[in-house]
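Asks: One structure is given below, represented as structure tokens, and several questions about it will come after.
The values are calculated or read from the model by the stated rules, or taken from the named source; none is laboratory data. Keep in mind that this is a model prediction, so the values were computed, not measured. For neighbour counting, all protein chains shown are included, and Cβ atoms are generated from backbone atoms with ideal geometry for every residue, glycine included.
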Amino acid sequence: ALQDPARALREVKAKRQLVDLYESAADRMDQAMRNADTTGYQEAKVEYQVLRRVLLAEAAVYADHQDYLPEWTP
């Protein structure tokens with residue numbers, strides 16, 4: 001077995017955590033906008049933008065997959 005199942009599960013868990021962080025930043029942006037919290041919005045926006053770049057880089061590994069969308073290309 002060349003693949004370590006435990007390592008693969010850790011990788012999946014880490015990628016899910018990135019998605020969770022991305023979604024959390026988007027939620028905080030929305031909440032800050034509703035609260036007219038300019039500073040909170042800007043902080044969440046920066047985090048959101050950075051995480052988006054990270055996720056797009058992660059997704060690039062699957063660029064040859066049939067379900068890969070062109071807008072995911074960084």
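Asks: Go through segment 50-74 residue by residue and tally those that are closer than 15 Å to Val19 by Cβ and acidic (Asp, Glu).
Replies: Of the residues in that region, 1 qualify.
Asks: Another question, then. Mind checking which residues of segment 1-27 are part of a helix (DSSP H, G or I), out of contact with any Asp or Glu (no Cβ under 8 Å at 6 or more places or on another chain) and not aliphatic (A, V, I, L, M)?
Replies: Pro5, Arg7, Arg10, Glu11, Lys13, Arg16, Gln17, Asp20, Tyr22, Glu23, Ser24, Asp27
Asks: Additional query: What are the residues in segment 1-57 that are of a type in the set (A, V, I, L, M, F, W, C), closer than 26 Å to Leu69 by Cβ and in contact (Cβ under 8 Å) with a residue 12 or more places away in the chain, if any?
Replies: Leu18, Val19, Leu21, Ala25, Ala26, Met29, Ala44, Leu51, Val54, Leu55, Leu56, Ala57 - these are the residues of segment 1-57 that are of a type in the set (A, V, I, L, M, F, W, C), closer than 26 Å to Leu69 by Cβ and in contact (Cβ under 8 Å) with a residue 12 or more places away in the chain.
Asks: Give the residue that is farthest from Glu58 (Cα to Cα), with candidates limited to residues of segment 1-46 that are polar (S, T, N, Q), at pLDDT 95 or above and more than 18 Å from the chain's Cα centre (by Cα).
Replies: Going through the qualifying residues, I end up with Asn35.
Asks: I'd like the residue in segment 33-49 that is loosely packed, with under 13 Cβ neighbours inside 10 Å and aliphatic (A, V, I, L, M) and, out of all such residues, is farthest from Val19 (Cα to Cα).
Replies: Looking at the filtered set, the residue picked out is Ala36.
Asks: Another question, then. Counting only residues that are under 11 Å from the mean Cα position of the chain (by Cα) and either surrounded by 14 or more Cβ atoms within 10 Å (Cβ to Cβ) or not in a helix (DSSP H, G or I) (or both), how many does segment 55-74 have?
Replies: 3
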